[in-house]
1. Please tell me if Arg31 is within 11 Å of the ligand (Cβ to nearest atom) and in contact with a Ser or Thr (Cβ under 7 Å, 6 or more places away or on another chain).
2. Of (1) within 24 Å of Arg312 (Cα to Cα); (2) in a helix (DSSP H, G or I); (3) at pLDDT 95 or above, Ala208 satisfies all except one. Which?
3. Looking at (1) of a type outside the set (S, T, N, Q); (2) more than 13 Å from the ligand (Cβ to nearest atom); (3) in a loop (DSSP other than H, G, I, E, B), which one does Val39 not meet, given that it meets all the others?
4. Can you confirm whether Arg68 is away from the ligand (no atom under 15 Å from the Cβ) and either surrounded by fewer than 21 Cβ atoms within 10 Å (Cβ to Cβ) or in contact (Cβ under 8 Å) with a residue 40 or more places away in the chain (or both)?
5. Could you run through the range 89-133 and say how many residues are within 15 Å of the ligand (Cβ to nearest atom) and either over 23 Å from Glu64 (Cβ atoms) or buried (at least 17 other Cβ atoms within 10 Å of the Cβ) (or both)?
6. Do any residues in the range 19-35 that are in contact (Cβ under 8 Å) with a residue 60 or more places away in the chain and within 13 Å of Asn119 (Cβ to Cβ) have Cβ atoms under 8 Å from those of residues that are in a helix (DSSP H, G or I) and away from the ligand (no atom under 11 Å from the Cβ), where the two are at least six apart or on different chains, and which pairs are they?
7. Under 17 Å from Arg199 (Cβ atoms), without any contact (Cβ under 8 Å) to a residue 60 or more places away in the chain and assigned to a helix (DSSP H, G or I): is that true of Ile268 in this structure?
8. Between Thr45, Thr84, which is closer than 19 Å to Asp124 by Cα, in contact with a Gly (Cβ under 7 Å, 6 or more places away or on another chain), modelled with pLDDT of 95 or more and in a strand (DSSP E or B)?
Amino acid sequence: MAIEIPSYVSDLMKTLLNSRHECFVVGGAVRSALLCAEVHDYDLTTDALPDEMKEIFSSYRTIETGIRHGTLTVLSEGKPVEITTYRKDSTYSDHRHPDKVEFTSRLQEDCARRDFTVNALCADIDGNLYDFFEGRKDLKQKLIRCIGSADERFDEDALRILRALRFAARLGFQIEKKTSDALRRKKDLLLYISAERIRDEFTGFLNASGCAELFEEYAEVFEVIIPKLKQLNEEEKKQLFGQLKRSENDHILRLALIVLAAGSQEEIMKSLKMTNHEMKDVSNLLSLSERPLDTLSDIRRIKRDLKQDFKRYALFRYALNEKTDVGQMMNLNRMIIENGDCYSLKDLAVRGNDLKELGFCGKEISERLNQLLEDVIDSKLANEKEVLLDSLRYTKQ
Ligand code: CTP
């Protein structure tokens, strides 16, 4: 069995081979190719030392940000490919970075320092596989298993605890027993990991299809990164797990469910270093979590205040309560769109200037505009300039 390697990658491999070096595709690309999944990026591993790589690729556009760790990014046909010198294990006293970077000339040693068997598969330029740690067997059995001692792997880089959960959730794999025991034992090491790295893995986890089941099974691990979850009683936990099971693969929606259950939305979102945009989306969903959903007016009013996709909101409400009729919500939304209903100030048939001409001024203008919009949303007034102006004239008298 061999995998296919695109020419923009094999060109770089050929360049290294022509300089009498070894070079293999390694990691996620091989794993994904064997699972017939889309390959996003190709990582190469080589025995060429960083200075040798720089020399060999001197005619290419390169990025040297990772060079101290042995990684040179080379642009091939405009696409970035990371090429890393074979490295071997070193000690990790801070549980996140090796104390020193040590290069090796042996491919097997480079594979041995990696996290999981399914991430240590390699392919040569012809796509032939090199599998030192039975990664293919684990792929077939759908298992995430640490290479060698799981305790050591998690001691080296505690982020791997979350990586194991993310891969298991995304690929629909189980976590092998020894790996899962170690993962629970070592969970507190996550406290050594920067919030940014946790955020990236946790976001990937929340976007994955197996997220809900694993969140329940490994709740104690997630309590390390979101301590507020510890305060939930059994009933509240059960409710959150049920909501997550009904939710789509959407990290914003799932974060909203988690922070709604745990409380302290600001604190959690900030501690996870979520972006302002993500914070706004989550708090926008939460602010609308109890709105009525039954009539066209209800949905228009929600659309006025919703700053994101309506479908996400409908699915959020369904996750919160399985009795929510998403089909009806989507139908009402479609009717509003098809009829061109007005639900925001920018679509209202009158503007501030129209009100000025009638003699309104200052704060009164925006108050009146908002009241007109409420009446239009409730179908009490048609969204027509004369109708709206008449109603203003009437109330001003
Ligand atoms: N790796 C590791 N320990 C880590 C991070 C990465 O051993 N903490 C190794 C694994 O061999 C991994 C490779 O580096 O396959 C590349 O890492 P990364 O790009 O983060 O993951 P991928 O496996 O490529 O998966 P994806 O890009 O889909 O997340």
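The values are calculated or read from the model by the stated rules, or taken from the named source; none is laboratory data. As the structure is a prediction and not an experimental result, all values here were calculated from the model. FYI the Cβ positions are ideal-geometry reconstructions off the backbone, even for glycines, and counts take in every protein chain you see.
1. no
2. (2)
3. All conditions pass for Val39, except number (2).
4. Criteria met by Arg68.
5. Number satisfying all stated conditions: 27.
6. That search, which allows pairs on different chains as well, returns Val25/Val9; Val25/Met13; Arg31/Leu139; Leu34/Arg136; Leu34/Leu139; Leu35/Leu139.
7. Yes: the conditions hold for Ile268.
8. Going through Thr45, Thr84 in turn, just one is closer than 19 Å to Asp124 by Cα, in contact with a Gly (Cβ under 7 Å, 6 or more places away or on another chain), modelled with pLDDT of 95 or more and in a strand (DSSP E or B): Thr84.
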